[in-house]
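Peer 1: Next up is a structure, given as structure tokens.
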Amino acid sequence: MQSEAHEGPFKTCTMCNKVWATPQEFLTDKDLQLNGYMWSKKSIKAGLYQGGLLVFTHMLQNCGTSLAVKPSGLKGTAARDTK
Ligand SMILES: [Zn+2]
């Protein structure tokens, strides 16, 4: 395959250590439920994010934690993945 310079998986669950290698994998995981959109005024003030965070809940019996994802991160990687 191609030699991709991966810096690591896209996201790892802090509770059950489930790993999502790519944003696509993350977005298509049926165990994840989009919970809402969280604005972080603090982050915006600090210039870290232009928008808020997408909050997902990991709907597993032994998990149930919330994961926050930057929409910009999803967008950028998805656009790069066009074949
Ligand atoms: Zn989990």
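Peer 1: How far, in nm, would the chain grow between Met15 and Leu74 when pulled straight, counting 0.36 nm per residue and subtracting the alpha carbon separation? Kindly include the intermediate steps, with their values, before the conclusion.
Peer 2: On the way: separation 59, 0.36 × 59 = 21.24 nm, distance 2.13 nm.
Working it through step by step, the gained length comes to 19.1 nm.
Peer 1: What residues qualify as long-range amide H neighbours of Leu32, i.e. H under 5 Å apart, gap of 5 or more or another chain, H built at 1.01 Å from N?
Peer 2: Close amide H contacts, sequence-distant or interchain: Met59.
Peer 1: Using θ = phi - 60° and the Karplus curve 6.51 cos²θ - 1.76 cosθ + 1.60, what whole-Hz ³J(HN,Hα) does each residue of segment 11-17 get, with Gly and Pro shown as x?
Peer 2: 7, 10, 6, 6, 9, 10, 6
Peer 1: How many nm separate the modelled label positions at Thr57 and Tyr37, each set 7 Å beyond the Cα in the direction of the Cβ?
Peer 2: Label-label distance for Thr57 and Tyr37, simple model: 2.0 nm.
Read-outs: derived from the displayed coordinates by stated rules, not from any lab. Please read all numbers here as calculations on a predicted model, not as lab measurements. FYI the Cβ positions are ideal-geometry reconstructions off the backbone, even for glycines, and counts take in every protein chain you see.
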